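Structure first, then comments.
The values are calculated or read from the model by the stated rules, or taken from the named source; none is laboratory data. Keep in mind it's a predicted model, so treat the numbers as computed, not measured. Cβ placement follows ideal geometry from the backbone for every residue including glycine, while neighbour counts extend to all protein chains displayed. We work out accessible area using only protein heavy atoms, side chains counted, and drop any ligands, DNA or RNA first. Shrake-Rupley method; radii C 1.70, N 1.55, O 1.52, S 1.80 Å.
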Amino acid sequence: MTLEQLRIFIAVAERQHMTEAALALNLTQSATSAAIAALEERHGIRLFDRIGRRIELTELGRAFLPEARAVIARADEAAGLLSASAGLMRGRLRLAASQTAANYWLPPLMCRFRDRFPGIELTLRILNTRDTCQAVAEGAADLGVIEDRVDAPGLRLFPAARDQMVLIAAPGLQGAAVAPATARWVMREKGSGTRAILEQALSAAGIGEVTVTLELPSNEAVRAAVAAGAGISALSRSVVEASLADGQLVALPFDLPAREFLVVGAVQRHVSRAADAFLRHLIPDQGA
């Protein structure tokens, strides 16, 4: 088993597609297929099921994926240590973050980190809170940033910043159309930290089940739907600030709690020097 075979396996497993993995790795499809076949033949196992033109991870393949990621992460860290005796000259840091943090809070912080450590390769995946935690737990991301406290055994949560949510509606709506208990609601998907915070606030206000007319997968889609009159919703003020200023949206009087942006790390996984440096960058008095 070689590191190259593991890298190819991870790329194929993440994309569930040989051709796409080959393109991402700058390899031929035949070389990619041969590496997977050699790995399976060497150990007498099957990592993928071939279903027509599609491939899917077998149960063994799913179990092997986080182990392969852990080996590659350690190998990258070892290579970085040898190449950077004077500091963080080289390395890789894989981030995952829920939408508000990824689109509004993290980018300037990533830019400043990159200016300080130009040799560190930064990548960011945008997921919801639940999937961000899963990515960190499985080793698909070194660190995550989420917008809601979660019960996540095996993960550590580090408070990093505060974010204020606001209830929004289109101008002109009034009466029952904007009363939280009777209004039509536009909400993010289940698993979203934004939705979880909103549902907690409604419950605290004694409001039970509400009418959800649209469930959408992004803050921008929710904002656009509310501006079009589809219903009311709650989003981070950073998401709707411009729309409130230009009159596309109005803020409604409803007490919504401030929430935290939380950095997520895995308790039992190796913490790379790049991840530790980035955590200190986000939270100066905190190290991994």
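General remarks:
- Residue in segment 262-279 that is touching a residue at least 60 places away in the same chain (Cβ under 8 Å), out of contact with any Lys or Arg (no Cβ under 8 Å at 6 or more places or on another chain), on the phi > 0 side of the Ramachandran plot and surrounded by fewer than 17 Cβ atoms within 10 Å (Cβ to Cβ) present: no
- Enumeration of residues in segment 242-288 that are of a type in the set (Ser, Thr, Tyr) and at pLDDT below 85: SER272
- Flag set for SER233, criterion: more than 30 Å from ALA275 (Cα to Cα), part of a strand (DSSP E or B) and open to solvent by less than 30 Å² (accessible area, probe 1.4 Å).
- Considering residues of segment 201-225 that are polar (S, T, N, Q) and in a helix (DSSP H, G or I) only, the residue least open to solvent (accessible area, probe 1.4 Å): ASN219
- Criterion applied to ILE168, ILE120, ILE146 was being β-branched (Val, Ile, Thr), open to solvent by less than 30 Å² (accessible area, probe 1.4 Å) and at pLDDT below 90, and the one residue passing it is ILE120.
- Condition broken by VAL239, with the remaining ones in (1) open to solvent by 60 Å² or more (accessible area, probe 1.4 Å); (2) of a type in the set (Val, Ile, Thr); (3) modelled with pLDDT of 90 or more satisfied: (1)
- For segment 138-185, a residue qualifies if it is outside any strand (DSSP E or B), of a type in the set (D, E, K, R) and over 23 Å from ALA204 (Cα atoms), and the qualifying residues are GLU138, ASP142.
- ALA228 modelled with pLDDT of 90 or more and either within 18 Å of the chain's Cα centre (by Cα) or exposed (fewer than 13 other Cβ atoms within 10 Å of the Cβ) (or both): yes
- Candidates in segment 242-261 are the residues that are closer than 22 Å to ASN128 by Cβ and surrounded by fewer than 14 Cβ atoms within 10 Å (Cβ to Cβ); of these, the one that is farthest from the chain's Cα centre (by Cα) is PRO257.
Residue by residue, here is whether (1) in contact (Cβ under 8 Å) with a residue 24 or more places away in the chain; (2) buried (at least 17 other Cβ atoms within 10 Å of the Cβ) holds:
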residue	(1), (2)
ALA22	no, yes
ASN26	no, no
GLN29	no, no
ALA37	no, no
GLY44	no, no
ILE55	yes, yes
ARG69	yes, yes
ALA73	yes, yes
